[in-house]
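Q: Below you will find the structure I want to go over with you.
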Amino acid sequence: MRPLVEVSGLHIAAVDGRGAQTPIVKDVSFDIAPGEVLALIGQSGSGKTTIALSLMGYARDGTRITGGSVKLDGTELRGLPARALQQLHGRDVAYVPQSAAASFNPSRRLMPQVIESAVVHGLMTRREAEAKAIALFAELALPDPANVGNRYPHQVSGGQLQRLIAAMALLTSPRLVIFDEPTTALDVTTQIGVLRAFKRVVREHGVTALYVSHDLAVVAQIADRILVLNQGEMQEIGEAERLISAPSHAYTRSLMAAARPPERNERPAAEERKPLLQVSALTAGYGRIGTNGMPLIPVLHDISFTVPAGHTLGIVGESGSGKSTLARVIAGLLPQAKGTVTLDGATLPPSLARRTRDQLRQIQFVHQMADTALNPSHTVAEILGRPLTFFGGLRGRARDRAVAELLDMVRLPAAVMHQRPASLSGGQKQRANLARALAARPRLLLCDEVTSALDSVVGAAVLKLLAELQSELGLSYVFISHDISTVRAICDQVMVLYAGQMMERGVRRVLSSTPRHPYSDLLVNSVPELRTGWLDEIEPAFGLESEVTTTFPNARACAFFPRCSVHIPGRCERDTPPIQHLSKGADIRCHRSENELRALAGTAVAAEV
Amino acid sequence: MSSTVEREPAHVVIKRPRRMPIPLLGWVGIVVVAFWLIMAVFGPMLTPHPAGEVIDPDGFGPMVPGMWLGSDVLGRDVLSRIMAGAQTTVGPAIAATLLAVFIGGTLALAAAAVGGWIDTALSRTMDAVISVPSLLFGLVAVAALGVSVPVLICTAGVIYVPGAFRIWRSLAVNVNAMDYVSVARERGEGMPYIMRREILPNLLGPVLADCGLRFVFAVLLLSSLSFLGLGIQPPDADWGSMVRENLPGLIYGAPAAIFPAAALATLTIGVNLLVDNLPGRER
Ligand SMILES: Nc1ncnc2c1ncn2[C@@H]1O[C@H](COP(=O)(O)OP(=O)(O)OP(=O)(O)O)[C@@H](O)[C@H]1O
Ligand code: SF4
Ligand SMILES: [Mg+2]
């Protein structure tokens, strides 16, 4: 059978204003058989999206296809006239982008947007298109398929939106579907449902697809073959099964290593150390504080934990669970409504303005996006120098020397001193961001998703740096992440947050051992494993989100109740769950007893990790 | 131990921000504006004839060698008067602009950085001031305080404070939401430092463009006042008052009324071209 897609010797170059060319894709050749899913995997900047777009006959702005050929079913796409390309896009090739939110018009209902392209291209009537869309919605496990199309984009979740855009892509039964990191922006728990939905339609409709991703574990679930790309060059291509179990290329192995960073060694138990940071019964939120002492938009409820000196506490939870809010309260950016924050035995005033300079110095915030955390109009030397002057009174020579030392500490070349943030790479920026925090000589760093915006390889290097700085300087970290494997790699203790409530808390090991809190269980089991077939093994019912309910009949209900697969009807939605101690050394907030949880743990995959 | 950590992968390309070339129209603007700025400084010294001297007994004379732009209503050399008038036109307008931008910008930075009720109070006050038509405001101010260059400068300055405030505030509020400002706050930096060092440098590009526009408004307002006889008083003359005193010459087809107006037009268009094509505006 002839391959549907044939790419051979593809060269793509970036062309700047003066006509100078920088190659971004070099001599890439592959083909995709009908009904096959080929994954394109690599770090950001490796040329994945550029190649994907070339299959649509496009070259991105500022790029040009400089050699080779791209054929779809025997038709050369290079140099195809605009008219023919338009036809191609409406009918033969469909594209599922990373951010569905950006692709929908927020002021129009979903259904007309989903069917628009098919109708405009005259491929089907409105009636047919709607019927087919509803069928696809059902196949993609969207809630209430018949009516979901009447909603507006903001009325569905991110994962649902991603499925809706997949429905739009599949509507015309295209011959080739390009998925461009379609689950990257989603929480793991959401990702699993989306992946499963994608996989089912791909299989049932015999869709030929190119699946672009940076995550090998995700790709292992859905692809038949995998192509590994680095710096625009092909490293390795092969059957998914073979490539994952026996990667032949060194770069593939480094990708795999970075994807699942090793856990650090167990260290002295928490009790043996003096607590540095102590948070007790913290309640906080946004907006004016009402007469009942609660903020208008409450986010965190009754959070307590301690961080021993020299240790790392990891905080995990889905987007919106209040992780950043917690860090903001500790840093003093958002005064709490109730509860106390104690540093080294001294209670910290809630608001920044009332904290002493020394208290401010001891806690430093490392923000998620180094892009926005570094002032673009200052040089690196100015960015690092200011805290040195402000806290340490350093000036002139002494300051320059301290800046150089800091750069060395985060393994940046001294030459970046005179550069501005815009001229640094993502990883370099995050290192500079870290150095900025270290300049204050803090005792506690609040790291908010510091590696989330980085590629896995670069992110792994930053994690390693953090661990080393900890042992060199005796720092404590509060490490916030939505990624469990990152937290496992760096933290001594973990706390699982859901809807602003502590669900489980204990040493890192508690995430790896059952019984767990049902929500921890969901989180842990949602992380794709780096082997093919994982997705098929897990229970079909697992991870299926119910409609998100934000209003509870009862404020005392367990926050996780609407999504809990093991809830006790009549009890969980009525009474506040107690905090109980499990024999593995964790505290959980749940009505279920340890024995019940152990017995129920088999409902999801009993994944001992 | 530390030696085991990988440095940034060597392949990471260090990106340099590209310097945007200035388009041709931008250059036209630069040349025109530079020309008038030089005139504003040196014009009075370079005039072929003293600006106040009557050299043509008839008045409204045509363009002839020696009087390249003709003579005005009293028979003075129009070219010399335009050259000398550049100073009286551009000078007070620049002063008024600087005043407006300084006051409006400072208040805006404070409003954005402090926020809360200070921001609300300032914003509402500015809304109230901006609702008064500017020419009317100018007429009343001049009528009440009398005509003098300082009064004109202050009047035009105050009129344009709310406009400057609005633009600066909206830009500053965006910058204020950036993490790097939050970082400075977490450090315990004072308000003046945050306004000056963290926010201000990131406003300069767009704000420069706004200064240009505000300058154009000030030139036109002051000229309008002069045209109404309430601006610069004789024997000094700015371009606005020159248009006014030579208006009767239009009937005779004398060039005397046209050229001061043309000078105004080139200046305002020049500034517009300049600010529209400032490097880094489209981003
Ligand atoms: N300034 C604000 N005003 C009102 N509500 C806010 C504000 N900032 C955040 N929230 C809300 O507070 C909740 C918790 O947000 P937070 O940023 O702490 O979540 P997060 O766990 O850090 O999520 P992510 O993983 O996406 O960063 C969310 O529901 C969010 O919408
Ligand atoms: S309290 Fe009930 S609903 Fe909440 S996690 Fe436990 S079992 Fe599930
Ligand atoms: Mg966050």
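Q: With the condition kept exactly as written, say whether any residue in segment B:245-257 is open to solvent by less than 70 Å² (accessible area, probe 1.4 Å) and of a type in the set (V, I, T).
A: no
Q: A further question on this structure: Quick one: would you say A:G339 is open to solvent by 20 Å² or more (accessible area, probe 1.4 Å) and either away from ligand 2 (no atom under 16 Å from the Cβ) or at pLDDT below 85 (or both)?
A: Working: open to solvent by 20 Å² or more (accessible area, probe 1.4 Å): yes; either away from ligand 2 (no atom under 16 Å from the Cβ) or at pLDDT below 85 (or both): yes.
Yes: the conditions hold for A:G339.
Q: Something else about it: Name the residues in segment A:307-330 that are open to solvent by 10 Å² or more (accessible area, probe 1.4 Å), at negative phi and not polar (S, T, N, Q), would you?
A: A:A309, A:E318, A:K323, A:R328
Q: Within segment A:288-321, count every residue that is near ligand 1 (Cβ under 10 Å from one of its atoms) and assigned to a strand (DSSP E or B).
A: The qualifying residues number 8.
Q: Still on this structure, I have one more. For segment A:590-609, give me each residue that is at pLDDT 90 or above and open to solvent by less than 20 Å² (accessible area, probe 1.4 Å).
A: If the condition is that a residue be at pLDDT 90 or above and open to solvent by less than 20 Å² (accessible area, probe 1.4 Å), then A:C590 is the only one that fits.
Q: Among the residues of segment A:416-438, count how many are more than 10 Å from chain B (Cβ to nearest Cβ) and either open to solvent by 20 Å² or more (accessible area, probe 1.4 Å) or in a loop (DSSP other than H, G, I, E, B) (or both).
A: 3
Q: Still on this model: In segment B:88-117, how many are farther than 26 Å from B:P150 by Cβ and either open to solvent by 40 Å² or more (accessible area, probe 1.4 Å) or in contact with a Ser or Thr (Cβ under 9 Å, 6 or more places away or on another chain) (or both)?
A: 5
Q: Could you tell me whether A:L186 is assigned by TED's automatic domain parsing to the domain that holds A:A209, in a helix (DSSP H, G or I) and either closer than 28 Å to A:T49 by Cβ or open to solvent by less than 20 Å² (accessible area, probe 1.4 Å) (or both)?
A: In short, no.
Q: Exactly one of (1) more than 16 Å from ligand 2 (Cβ to nearest atom); (2) more than 12 Å from chain B (Cβ to nearest Cβ); (3) buried (at least 23 other Cβ atoms within 10 Å of the Cβ) is unmet by A:S452. Its number?
A: Here A:S452 meets the rest and fails (3).
Q: What single numbered condition from (1) in a helix (DSSP H, G or I); (2) in contact with a Lys or Arg (Cβ under 9 Å, 6 or more places away or on another chain) fails to hold for A:G238?
A: Status for A:G238: all satisfied but (1).
Q: Please report, ordered by residue number, the strands (runs of 3 or more DSSP E) entirely within segment A:19-89 with at least 1 residues that are of a type in the set (S, T, N, Q) and more than 30 Å from A:E241 (Cα to Cα). Even if it seems obvious, please write down each step before you answer.
A: Details: elements: A:21-32, A:37-41, A:63-72.
Ranges flagged: A:21-32, A:63-72.
Q: Does segment A:40-55 contain at least one residue that is open to solvent by less than 20 Å² (accessible area, probe 1.4 Å) and either over 32 Å from the mean Cα position of the chain (by Cα) or not assigned by TED's automatic domain parsing to the domain that holds A:M168 (or both)?
A: Looking for residues that are open to solvent by less than 20 Å² (accessible area, probe 1.4 Å) and either over 32 Å from the mean Cα position of the chain (by Cα) or not assigned by TED's automatic domain parsing to the domain that holds A:M168 (or both), one finds none in segment A:40-55, hence no.
Q: For B:V173, which of the numbered conditions (1) within 20 Å of B:L107 (Cα to Cα); (2) open to solvent by less than 40 Å² (accessible area, probe 1.4 Å); (3) away from chain A (no Cβ under 13 Å); (4) among the β-branched types (V, I, T) fails to hold?
A: It fails just one condition, (2).
Q: Additional query: Only residues that are within 14 Å of chain A (Cβ to nearest Cβ), buried (at least 20 other Cβ atoms within 10 Å of the Cβ) and out of contact with any Gly (no Cβ under 9 Å at 6 or more places or on another chain): list them for segment B:194-224, please.
A: Across segment B:194-224, the qualifying residues are B:I194, B:M195, B:E198, B:I199, B:N202.
Q: Still on this structure, I have one more. Tell me whether segment A:530-550 contains one or more residues that are at pLDDT below 85, in contact with a helix residue (DSSP H, G or I) (Cβ under 8 Å, 6 or more places away or on another chain) and within 16 Å of ligand 1 (Cβ to nearest atom).
A: The answer is yes, given that some residue of segment A:530-550 is at pLDDT below 85, in contact with a helix residue (DSSP H, G or I) (Cβ under 8 Å, 6 or more places away or on another chain) and within 16 Å of ligand 1 (Cβ to nearest atom).
Q: Does A:A499 count as more than 14 Å from every other protein chain (Cβ to nearest Cβ), more than 13 Å from the chain's Cα centre (by Cα) and modelled with pLDDT of 85 or more?
A: yes
Q: Exactly one of these conditions fails for A:P442: (1) modelled with pLDDT of 90 or more; (2) in contact with a Leu (Cβ under 9 Å, 6 or more places away or on another chain); (3) surrounded by fewer than 22 Cβ atoms within 10 Å (Cβ to Cβ); (4) in a helix (DSSP H, G or I). Give me its number.
A: (4)
Q: Answer yes or no as to whether A:E76 is among the acidic types (D, E) and more than 21 Å from A:Q235 (Cβ to Cβ).
A: In short, yes.
Q: Could you pull out every one of the helices (runs of 4 or more DSSP H) wholly within segment A:446-545 that has 3 or more residues that are in the same structural domain as A:A331 (by TED's automatic domain parsing) and either in contact with a Ser or Thr (Cβ under 6 Å, 6 or more places away or on another chain) or of a type in the set (G, A, S) (or both)?
A: Helices (runs of 4 or more DSSP H) meeting the threshold: A:456-473, A:484-490.
Q: Can you spot a residue in segment B:120-129 that is over 22 Å from B:S241 (Cβ atoms) and charged (D, E, K, R)? Break it down stepwise before answering.
A: Of the residues in segment B:120-129, the ones over 22 Å from B:S241 (Cβ atoms) are B:120-129.
Subsequent filtering for residues that are charged (D, E, K, R) retains B:124, B:127.
Checked segment B:120-129: at least one residue is over 22 Å from B:S241 (Cβ atoms) and charged (D, E, K, R).
Q: Could you grab me the full set of residues in segment A:227-251 that are of a type in the set (G, A, S) and either closer than 19 Å to A:V7 by Cβ or away from chain B (no Cβ under 14 Å) (or both)?
A: First, the residues of segment A:227-251 that are of a type in the set (G, A, S): A:232, A:238, A:240, A:245-246, A:248, A:250.
Matches in segment A:227-251: A:G232, A:G238, A:A240, A:S245, A:A246, A:S248.
Q: Across segment A:208-222, which residue is nearest to the chain's Cα centre (by Cα) among those that are open to solvent by 10 Å² or more (accessible area, probe 1.4 Å) and not charged (D, E, K, R)?
A: Checked segment A:208-222; the qualifying residue nearest to the chain's Cα centre (by Cα) is A:H214.
Q: State whether one or more residues within segment A:149-162 are assigned to a helix (DSSP H, G or I) and open to solvent by less than 10 Å² (accessible area, probe 1.4 Å). So that I can check it myself, show each step before the final result.
A: Of segment A:149-162, the ones assigned to a helix (DSSP H, G or I) are A:153-155, A:158-162.
Next, from what is left, pick out any that are open to solvent by less than 10 Å² (accessible area, probe 1.4 Å): A:159, A:162.
Yes: one or more hits.
Q: Looking at segment A:358-373, which of the residues that are open to solvent by 40 Å² or more (accessible area, probe 1.4 Å) and out of contact with any helix residue (DSSP H, G or I) (no Cβ under 7 Å at 6 or more places or on another chain) is nearest to ligand 1 (Cβ to nearest atom)?
A: For segment A:358-373, the residue satisfying everything is A:Q368.
Q: Hey, A:M1 hits all of (1) in a loop (DSSP other than H, G, I, E, B); (2) open to solvent by less than 60 Å² (accessible area, probe 1.4 Å); (3) closer than 22 Å to A:I222 by Cβ but one; which does it fall short on?
A: It fails just one condition, (2).
Q: Shifting gears a bit: Restricting the first residue to segment A:316-328 and requiring it to be within 12 Å of A:D448 (Cβ to Cβ), which pairs with a second residue that is near ligand 1 (Cβ under 6 Å from one of its atoms) and open to solvent by less than 10 Å² (accessible area, probe 1.4 Å) meet a Cβ separation below 8 Å and a spacing of at least six or different chains?
A: Cβ pairs passing all conditions: A:K323/A:G317.
The values are calculated or read from the model by the stated rules, or taken from the named source; none is laboratory data. Everything numeric here is computed off the predicted structure, so don't read it as measured data. Cβ atoms come from the backbone with ideal geometry, glycine included; neighbour counts cover every protein chain shown. Note: accessible area is taken over every heavy atom of the protein model, side chains too, but ligands, DNA and RNA are not part of it. Shrake-Rupley method; radii C 1.70, N 1.55, O 1.52, S 1.80 Å.
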